[in-house]
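Q: Here it is, the structure in full.
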Amino acid sequence: MRFSEFKEKIQTTNQPTQTLTFDESQNLEFILEVTNKINSTLILDEVLELVLQDAINFTNSERGFILLSNFDDQLEFKLGLNKNGEQLTSNDANVSMSTVQNVYLNGESCFIESAQNNFDKRTNTSIFNLELQTILCSPLISRNKKIGVIYVDSKNLNRIRLDSITKTFEIFAGQAATAINNAQLYRSQIQSMHKLQETNMKLEKAMQASEKAAKLKSEFISQMSHEIRTPLHIIVSNLDYIHTDFNKIVGENSELKTSFESIKTASDRIIRTLDLILDHSEMKLGTYEPKFERVSLVHDVLAPIIRENEINAIQKGLKIEFLFSDEGIVSGDKYSLHQIFTNLIDNSIKFTNRGKITVNTSRDIRDRVVVNITDTGIGISEDFLPYLFDIFSQEDQGYSRRYEGNGLGLSLVKKFCELNKAKIRFNTQKGIGTSFSIIF
């Protein structure tokens, strides 16, 4: 008989056609009371103790044990109590393991009276050594899954009403299994939560250590860049100073003049790289201080950049077209705006071998200032697009790459666009060219 059937039976006791014996009534009250009690907590140890105490008291046994299955489907000792509520150790769990295993494997209860007369002394030494008379053992089954067994025994011959006690004990075991399983699930959730918290703490510490290391690295790079940049500026300034007199001395077509210009070009490249490193470090460390003002993109930013890069374009046989239908007045940080368009125009020249670069300033239908920089260069492959703005990323990597660069430019462009509240869009096709749009 199931617990639901017992409950229905006790609820109909007031009907004149239904009568219960004294034992049945007591057993039903026991089941209802115990069910409420063992479901009042989700702490596994508390549930196990409540279950075992009630099992011992109800069956008038001298001791009891609960064994639960582990991940290998093997029974493990979890709790032992005597009739006084004192805990027993696993060493005290001297029971008939063959009986316990059979109950667990078969999923059927075993109730024995007069055990001394019903077992072979040669194969059940524990029963005879302990002088056991009464044994009750039921499987703990929850949601059709065996989770263990509950076992009680006594040296006394209780002469119980077997049919009454066994039915009630089986129902009790079923309710106990549900309560134990719920407590196990709760414990598992708590353990998972604690592990997650520990993992999160470790991740947080690792992240803090990583951020600290990154900050120290950025500070070191920034400091070293300053140390290199200062003497390099002195060298470049002196090169500019002697440039005019040098041309008069060596002549226009001298190889020395070519070597001199190579030194000047290399120095400018190093300074530009150092500037990029310093800008990245300042943005990462949060030490960059923008100065927002009214800026004409055409006159204050783009025109000077195009003049600076025109010689490089001509040397490659390229043409730079500068078109504008609007002055491009924006509120922005002049230095970072200059860096945005210097990088984009420099890249267009670098990655274009023939054709032209077009710089166009206009307003869109929403009256936003838009600067388009379009080239007829090598374009960007679709596979590389997700990494386009990552620091140090370059499509052509390794010692065999054909184009100079450090992978800092576009990463900094994106950061400076965000600083100036500008959006960056691009359209590219491998072998056809690339177009970048900066929208203010």
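The values are calculated or read from the model by the stated rules, or taken from the named source; none is laboratory data. The shown structure was predicted, so the numbers you read here are calculated from the model rather than taken from an experiment. Using ideal geometry, Cβ is built from the backbone for each residue, glycine included, and neighbour counts are taken over all protein chains shown.
Q: Just checking: which of the helices (runs of 4 or more DSSP H) contained wholly in region 1-83 hold 1 or more residues that are modelled with pLDDT of 70 or more? Walk me through it before giving the result.
A: On the way: elements: 3-11, 22-38, 44-59.
Per the criteria, 22-38, 44-59.
Q: In region 75-114, how many residues are closer than 17 Å to N144 by Cα, out of contact with any Gly (no Cβ under 8 Å at 6 or more places or on another chain) and not charged (D, E, K, R)?
A: Qualifying residue count, region 75-114: 5.
Q: Determine whether region 286-297 contains at least one residue that is over 44 Å from the mean Cα position of the chain (by Cα) and not basic (K, R). Don't jump to the end; show me each part of the working.
A: The initial filter retains those residues of region 286-297 that are over 44 Å from the mean Cα position of the chain (by Cα), namely 296.
From what is left, the residues that are not basic (K, R) are 296.
Checked against the condition, which is being over 44 Å from the mean Cα position of the chain (by Cα) and not basic (K, R), region 286-297 yields at least one hit.
Condition check ((1) surrounded by 13 or more Cβ atoms within 10 Å (Cβ to Cβ); (2) among the small types (G, A, S); (3) touching a residue at least 12 places away in the same chain (Cβ under 8 Å)) across all residues:
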residue: K291; (1), (2), (3): no, no, yes
residue: R307; (1), (2), (3): no, no, no
residue: E327; (1), (2), (3): yes, no, yes
residue: S331; (1), (2), (3): no, yes, yes
residue: N347; (1), (2), (3): yes, no, yes
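Q: Could you count how many residues in region 281-301 are touching a helix residue (DSSP H, G or I) at 6+ places or on another chain (Cβ under 6 Å) and assigned to a helix (DSSP H, G or I)?
A: Residues flagged as touching a helix residue (DSSP H, G or I) at 6+ places or on another chain (Cβ under 6 Å) and assigned to a helix (DSSP H, G or I) within region 281-301 amount to 5.
Q: Can you pull out the residues in region 81-115 that are touching a residue at least 40 places away in the same chain (Cβ under 8 Å) and not polar (S, T, N, Q)?
A: Listed by number, the residues that qualify are V95, V100, V103, Y104, F111, E113.
Q: Follow-up question, since we're still on this one. Sort out which residues of region 291-314 are among the polar types (S, T, N, Q) and closer than 16 Å to D375 by Cα, and write them in order of number. Lay out the reasoning, then the answer.
A: Initially, region 291-314 is screened for residues among the polar types (S, T, N, Q), giving 296, 309, 312.
If the condition is that a residue be among the polar types (S, T, N, Q) and closer than 16 Å to D375 by Cα, then N309, N312 are the ones that fit.
Q: Would it be correct to say that E321 is surrounded by fewer than 19 Cβ atoms within 10 Å (Cβ to Cβ), over 46 Å from the mean Cα position of the chain (by Cα) and assigned by the TED database to the domain that holds F426?
A: Yes.
Q: Right, N129: modelled with pLDDT of 90 or more and out of contact with any Asp or Glu (no Cβ under 7 Å at 6 or more places or on another chain) or not? Lay out the reasoning, then the answer.
A: Working: modelled with pLDDT of 90 or more: no; out of contact with any Asp or Glu (no Cβ under 7 Å at 6 or more places or on another chain): yes.
Against the criterion (modelled with pLDDT of 90 or more and out of contact with any Asp or Glu (no Cβ under 7 Å at 6 or more places or on another chain)), N129 does not qualify.
Q: Return yes or no: is R354 within 44 Å of the chain's Cα centre (by Cα), assigned by the TED database to the domain that holds N420 and either at pLDDT 80 or above or under 17 Å from K415 (Cα atoms) (or both)?
A: Working: within 44 Å of the chain's Cα centre (by Cα): no; assigned by the TED database to the domain that holds N420: yes; either at pLDDT 80 or above or under 17 Å from K415 (Cα atoms) (or both): yes.
So R354 does not fit the description; no.
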